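The values are calculated or read from the model by the stated rules, or taken from the named source; none is laboratory data. These figures come from a predicted structure and were not determined experimentally. Note: ideal-geometry Cβ built from the backbone for every residue, glycine included; neighbour counts use all protein chains shown. Please note that ligands, DNA and RNA were not included when accessible areas were found on the heavy atoms of the full protein model with its side chains. Shrake-Rupley method; radii C 1.70, N 1.55, O 1.52, S 1.80 Å.
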Amino acid sequence: MSRVLILFAHPALRTSRVQRAMADAVRDLPGVTFHDLYEAYPDFDVDVPAEQARLSAHDVIVLQHPLYWYSVPPLVKQWFDLVLEHGWAYGSQGRALEGKVLQVALSAGGRAQAYGPGSFNGYSIAQFLAPVEATVRLCRMRWAEPFTVMGTHMMGAADIREAAARYAALVRGYVESDAVAAGGR
Amino acid sequence: MQAFLVAATVYLAAAVVAVPVAKRMGLGSVLGYLIAGVVIGPSVLGFVGAEGQDVMHAAEFGVVMMLFVVGLELEPALLWRLRGALAGLGGLQVAGTAAAVGAAGVAFGLPWRTALASGLILAMSSTAIVLQSLQERGWMKTDAGQKSFAVLLFQDLAVIPILAVLPLLALAPEGAAAPGGGGSHGGAFVEHLPGWQRALVTIGAVALLVGVGRSVVPAAFRLIARARLRETFTAAALLLVIGIAVLMQFVGLSPALGTFLGGVVLATSEFRHELESDIEPFKGLLLGLFFIAVGASIDFPLIGRELGTVLGLVAGLVLLKAAVLYALGTGARMGRDQRLLFALALAQGGEFCFVLLSFATQNRVLPERVAGLLVATVALSMAMTPLLLVAWERFVATRASSATDAGRPHDDVHGEHAVIIVGFGDFGSTVGRYLNANGVDTTVLDLDSDRVDVLRRLGLRVFYGDASREDLLRSAGADTAKLIILTSGDTEAMRTLAGRIRHAFPHLTILARASGRVGAYELIEAEVPHVVRESLDSALHLGVEALHLLGVRRHEAWRAAQRFRRHDDATLRELAKVFRDRAAHLSLAREAIRDLEQSMRADATGGVPPDDGAWDPESLRAEFGARPPSATG
């Protein structure tokens, strides 16, 4: 059993279909702590000690957000800046997050074909996520292959249901896996 | 003058002593007044003597005022809804009781005329005692409360025809006098007119009352309210009530009924609550005086001489009346406990009985001895009522039937709005505008008449109202609302209000504006879940501005304000637990200030404050400074 923390970041959930469905699919899963960042910190005043304690209490961190301007929403960056302190998250003394898994779960409006070399956007999702991946690795966490829902602008209700179900299955899988917890301790 | 002051001293002292004691013992204020009256009356201390009867007549005006207030709380729509109960229950109660008491009288050997007259007189119940007792316990909104009210209202109407009929039952017809003696119910001007003219004058007076009440009175009050002279408004309110009473007497109608009608007409006006709060103290004092006078006028020597007869009469009267009422309650399909409350509440004789009895004696309808016995009987039965209600409350009342019965649908919910805002000053109106701008409809209650007038002209849904009244909150939609926002700034009032709201509308979430730290402590102590200090955010905004002017970058100043706020909120909760303990509060507060300053001062030593430690390059320089720069370095 692994303890899963979902860090959910969406600044305008009212306008969202896919992220809302994804959030609803995992919000109440047993073994999952669902932490809605924009709800907790409307003024970006991140409570660092509380966030650090929450991270310490979990084995798998899922970072769920829509892709905005090829990156994370601004509160996630603020959260990185403030919570991942030197001497706690990284640096020679910073081993608090060592061995934990970080799983990005993002949605993007463009379809898969719109990403990658020579495509409309020019770079792949993995390339755009490079700063996040580097952050994760610097904190001695394990980088998981990102879970992506692509082409959200073109999705119908059935597609959204299917994507949310896939996401929930992924999260449930983490909850039920022991390997992560063993690796993290 | 001297005598008046002495008498006033005696009455007031008796009330001041007896009422709190009686309330403390759970007996209600009415019984307290009655006991006070007995004590100062001729039978015990003898401070007041024969003038008790005169005082009673004067104090009957309290009943008139009470009905005005009752009318104010009763919108025409509700009255219309009560029409069935009024005519049906009221009519049957008067007829049934008169028949039952009359039959009992005949059975005990009274002539039928005397018996019927007694029956008609004793059918009246005490509006004063019943309404006061029910209101005091918050039972007016129960089924029994509403039906009792309807019956009392019908009785008020019935006094007029009874006054007309009584002389016909006279023992010696040649002695019959025209109606007019007795009390406040004799016509003065219309007696000499033929019937059809009398009817015309009556209808005209009522029409005048309704018409003037609709148009002229609100305009006049608006003018007076604008002058901001509190006592002029009070004087105008009194003038209105007394004026109506005089008009009604002039045309031979019951003043109580007239003021009641006046109240109903004004119930929909925006001055409803101002008027009520102005009349209320007069009403309370006069009613108290009335009850004291009833207590003082109980003729104990007579009761002593005819103890068996009087006690038998009291028991018989209460039992007969209660039996008739209980049967009516059964017919009206009231719940068992409500039926019993209905029966007990109205089982006494009323203040109209005194009027009618003296009228009947003057008209030789009743022999002096019978009338004297009946006066004693009525007074004792009135004194019994509060006791019966206490007994009902103790032994019969179920939780579901208590006043706060939320299951019963109530009428006249104007605002099906999710939010009620109490107080619409700068603070409340900003909250309201913000909510409205975001598509949330609000119902606003405010006590400042000028402000409400202005806001109403702007088209806002603002009502005059004292939110401490449960029925008012209910009509503002408290049953269906989700939130109630208290913005008055008067901490003590908000605490009381919060307690009442929690009791009567447990589903409502309370948000309150706290004035200052102590205000916040007190509201937190009163378990108000969402307390927001009125000046914290604006003070910090100003502080940020000040820091900026001193050369601190805006964002850093802003972050410092956020930190300050978080720290302050946390210590507020801690300090609220001990704020009553001066020493503990002081030491904890000192500690909190020290903590805060220490964490803020980190800046002064060259680094960044702890919460922004990730932005502090110091430790990075120490670790990575000697090596090639890292990703974050």
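Using the Karplus relation 6.51 cos²θ - 1.76 cosθ + 1.60 with θ = phi - 60°, the per-residue 3J(HN,Hα) values for region A:105-120 come to 10, 10, 10, 9, x, x, 6, 3, 5, 6, 10, x, x, x, 8, 3 Hz, with x marking Gly and Pro. The A-B contact accounts for approximately 1200 Å² of buried accessible area, totalled over both chains at a 1.4 Å probe radius. Peptide A:37-49 has a mean of 2 when you count, residue by residue, the C-beta atoms of other protein chains within 10 Å of its C-beta.
Extending 7 Å from the Cα toward the beta-carbon at both A:Glu133 and A:Asp159 defines two label points whose distance is 2.6 nm.
The spacing between region B:333-401 and region B:481-523, judged by their C-alpha centroids, is 41 Å. With respect to the cross-link table entries B:Lys23/B:Lys482; B:Lys23/B:Lys147; B:Lys141/B:Lys321, which display a Cα-Cα separation exceeding 27 Å? B:Lys23/B:Lys482, as the Cα separations exceed 27 Å there.
Can you check what the Kirkwood hydrodynamic radius comes to for region B:114-165, Cα pairs only, in Å to one decimal?
Details: mean 1/r = 0.0841 Å⁻¹.
It is 11.9 Å.
Where the only charges are on Cβ atoms (+1 Lys, Arg; -1 Asp, Glu), what is the dipole of the protein assembly as shown about its Cα centre, to the nearest 20 debye?
In total the dipole reaches around 1060 debye.
Applying 1/(1 + (r/R0)^6) with R0 = 51 Å to the Cβ-Cβ distance of A:Arg20 and B:Ser587 gives a FRET efficiency near 0.55. Across the options B:Ala225, B:Val16, B:Leu325, the greatest Cα extent toward the positive end of the charge dipole of chain B (unit charges at beta carbon of Lys, Arg, Asp, Glu) belongs to B:Leu325.
Solvent-free Debye calculation, one equal scatterer per alpha-carbon of region A:105-164: log10 I(q)/I(0) at 0.18, 0.23, 0.26 Å⁻¹ equals -0.72, -0.95, -1.05. Histogrammed with a bin width of 10 Å, the alpha carbon distances of region B:2-399 distribute as 5, 23, 33, 27, 10, 1, 0 percent, first bin at zero. About its Cα centre, region A:68-185 has a charge dipole of approximately 100 debye under the convention of +1 per Lys or Arg Cβ and -1 per Asp or Glu Cβ, with nothing else charged.
The phi torsions of region B:207-219, fed into the Karplus equation with coefficients 6.51, -1.76 and 1.60 and a -60° offset, translate into couplings of 4, 4, 4, 5, x, 5, x, 6, 9, 6, 4, x, 5 Hz, rounded to whole numbers, with Gly and Pro shown as x.
Amide H to amide H, with H built 1.01 Å from N, B:Ala514 comes under 5 Å of B:Val532, B:Arg533, B:Glu534, counting only residues 5 or more places away or on other chains. Given R0 = 51 Å, the distance between the Cβ atoms of B:Ile203 and B:Arg369 translates into a calculated FRET efficiency of 0.80.
Distances between every pair of Cα atoms in region B:419-610, grouped in 5 Å steps from 0 to the bin holding the largest one, split as 1, 7, 13, 16, 15, 13, 11, 10, 7, 4, 2, 0, 0 percent.
Averaged over the residues of B:558-567, the number of partner chain Cβ atoms lying within 10 Å of the residue Cβ comes to 2. Taking label points 7 Å from Cα along the Cα-to-Cβ direction, B:Asp569 and B:Glu280 give a separation of 3.6 nm. Ligands, DNA and RNA left out, the accessible area of chain A computed with a 1.4 Å probe is 56% carbon and sulfur. Which log10 I(q)/I(0) values, to two decimals, does the protein assembly as shown give at q = 0.05, 0.06, 0.08, 0.09 Å⁻¹ under the Debye formula with one point per Cα? Treating every Cα as an identical point scatterer, log10 I(q)/I(0) equals -0.45, -0.60, -0.83, -0.94.
Modelled spin labels at A:Arg54 and B:Ala87, positioned 7 Å past Cα toward Cβ, are 6.6 nm from each other. Peptide A:84-96 has a mean shielding of 4, counted as Cβ atoms of other protein chains within 10 Å of each residue's Cβ.
Globularity index of region A:48-116 is 1.30 (Cα radius of gyration / 2.2 N^0.38 Å, N = number of residues).
Projecting the Cα atoms of B:Leu445, B:Ala77, B:Phe271 onto the charge dipole of chain B (Cβ charges, centred on the Cα centre) puts B:Ala77 farthest toward the positive pole. Across region B:468-549, Cα-Cα pairs more than 14 Å apart make up 63 percent of the total. Taking every alpha-carbon pair under 8 Å whose residues sit at least 6 apart, region A:4-184 reaches a relative contact order of 27 percent.
Placing +1 on each Lys and Arg Cβ and -1 on each Asp and Glu Cβ, with no other charges, gives region B:452-548 a dipole about its Cα centre of roughly 300 debye.
Sorting A:Arg14, B:Arg566 by accessible area puts them as A:Arg14, B:Arg566; the probe is 1.4 Å, largest comes first, and only protein heavy atoms count. Using R0 = 22 Å, the C-beta based FRET efficiency linking B:His192 and B:Ala99 works out to 0.05. Largest first and in whole Å, the equivalent-ellipsoid semi-axes of region B:66-116 read 35, 12, 6, each the square root of five times a Cα gyration tensor eigenvalue.
When the Cα positions of A:Gln127, A:Leu138, A:Ala114 are compared along the charge dipole of region A:4-184, A:Ala114 comes out farthest toward the positive end, with charges on each C-beta of Lys, Arg, Asp and Glu.
Can you tell me the 0 to 90 degree angle between the C-alpha axis of helix B:2-24 and the longest principal axis of chain B, rounded to 10? Roughly 60 degrees, rounded to the nearest 10. Calculated mean residue ellipticity, 222 nm, chain B: -21000 deg cm²/dmol, from DSSP H runs (n ≥ 4) at -39500 (n - 2.57) each, averaged per residue and rounded to 500. Principal semi-axes of the equivalent ellipsoid, √(5λ) from the alpha carbon gyration tensor of region B:285-347, are 29, 18, 6 Å from largest down.
Packing here is the average count of other Cβ atoms within 10 Å per residue, and on that basis the peptides B:8-17, B:196-205, highest first, run B:8-17, B:196-205.
Kirkwood analysis of the Cα pair distances in chain A returns a hydrodynamic radius of 16.8 Å.
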